[in-house]
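Trainee: One structure follows; several queries about it will come next.
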Amino acid sequence: MLDDAGLDLLFRTARSHNKWRNEPVSDDTLIALHDLLKWGPTSANCSPARFVFLRTPEARERLAPALSAGNLEKTMEAPVTVIVAYDPRFHDHLPRLFPHNPDARSWFTGNDALSAATAFRNGTLQGAYLMIAARSLGLDVGPMSGFDNDKVDAEFFAAEGWRSNFLCNLGYGDPEGLFPRSPRFDFADVCQLL
């Protein structure tokens, strides 16, 4: 089990950041990040998430036309912005990723609704694993909606056919950009024991 310091790092005192210190995130750190998040579970090990790490001002400028006004400045200042996407054709990789069931690909071929729901759900899980892994490596995160998915997909994924899900800024947060922490529900508000 994690001690209190570990739980604080990942959850209790961790915050979503809007301002960033001018400190780069190395490629080795991004590789280590993926090497952690890839172990999070997905159904049938389908692993549909795809991650595009925008590390340069030029790459983030390509993203800028798709951003809402409230997300523009913090994204342009972030050391890294990750486009968390998913591959609707994830099932083509099941023979490699789920080898103990050679028929797994057939569960999804010809069933677009099941494929779309599975890709989105499990890709979202992998995006959450990305944030937890980033925090465990000492990075801060700033996940975001507030962008035009169609513009992002046309700009970055026309060849692959991937679909964007959400964005996440990564780096070393500047605490001056934090506002007071918002409240959370108590157990009794949102949980049932049956």
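Any read-out appearing in this document is the output of simple, stated calculations on the displayed coordinates, not a laboratory observation. Since the structure is predicted, the reported quantities are computational estimates derived from the model, not experimental observations. When we count neighbours, we look across all protein chains shown, and the Cβ atoms used for this are built from the backbone with ideal geometry, even at glycine.
Trainee: Check the range 57-64 and report whether any residue there is of a type in the set (Gly, Ala, Ser), over 23 Å from residue 134 (Cβ atoms) and free of Cβ contacts under 8 Å to residues at least 40 places away in the same chain.
Mentor: No, that holds for no residue.
Trainee: May I pose another question? Could you list all residues from the range 55-92 that are of a type in the set (Ser, Thr, Tyr) and either in a helix (DSSP H, G or I) or farther than 16 Å from residue 160 by Cβ (or both)?
Mentor: 56, 68, 75, 81
Trainee: While we're looking at this one, here's another question. Is it fair to say residue 3 is farther than 15 Å from residue 137 by Cβ, acidic (Asp, Glu) and within 18 Å of the chain's Cα centre (by Cα)?
Mentor: no
Trainee: What are the pairs with Cβ atoms under 7 angstrom where one residue, in the range 136-157, is touching a residue at least 24 places away in the same chain (Cβ under 8 Å) and aromatic (Phe, Trp, Tyr) and the other, located anywhere, is part of a helix (DSSP H, G or I) and surrounded by 15 or more Cβ atoms within 10 Å (Cβ to Cβ)? Sequence gap at least six, or different chains.
Mentor: Partner pairs satisfying both residue conditions: 147/66; 147/71.
Trainee: While we're on this one: Please count how many residues of the range 163-194 are not in a loop (DSSP other than H, G, I, E, B) and not hydrophobic (A, V, I, L, M, F, W, C).
Mentor: Within the range 163-194, residues that are not in a loop (DSSP other than H, G, I, E, B) and not hydrophobic (A, V, I, L, M, F, W, C) number 10.
Trainee: Could you grab me the full set of residues in the range 31-54 that are within 13 Å of the chain's Cα centre (by Cα) and assigned to a loop (DSSP other than H, G, I, E, B)?
Mentor: Correct list: 38, 40, 47, 48.
Trainee: Still on this structure, I have one more. List every residue pair whose Cβ atoms sit under 6 Å apart, with the two residues 6 or more apart in sequence or on different chains, where the first one lies in the range 101-126 and is under 13 Å from residue 163 (Cβ atoms) and the second, anywhere, is part of a helix (DSSP H, G or I) and of a type in the set (A, V, I, L, M, F, W, C).
Mentor: 119/90
Trainee: Only one of (1) buried (at least 17 other Cβ atoms within 10 Å of the Cβ); (2) in a helix (DSSP H, G or I) fails for residue 18. Which number is that?
Mentor: Answer for residue 18: the failing condition is (2).
Trainee: Which one is surrounded by the most Cβ atoms within 10 Å (Cβ to Cβ), of the residues in the range 137-162 that are part of a loop (DSSP other than H, G, I, E, B) and of a type in the set (Gly, Ala, Ser)?
Mentor: Selected residue: 146.
Trainee: Restricting to the range 93-136, name every residue that is surrounded by fewer than 16 Cβ atoms within 10 Å (Cβ to Cβ) and in a loop (DSSP other than H, G, I, E, B).
Mentor: Once the filter is applied, which keeps residues that are surrounded by fewer than 16 Cβ atoms within 10 Å (Cβ to Cβ) and in a loop (DSSP other than H, G, I, E, B), the range 93-136 yields 99, 100, 101, 102, 103, 109, 110, 111.
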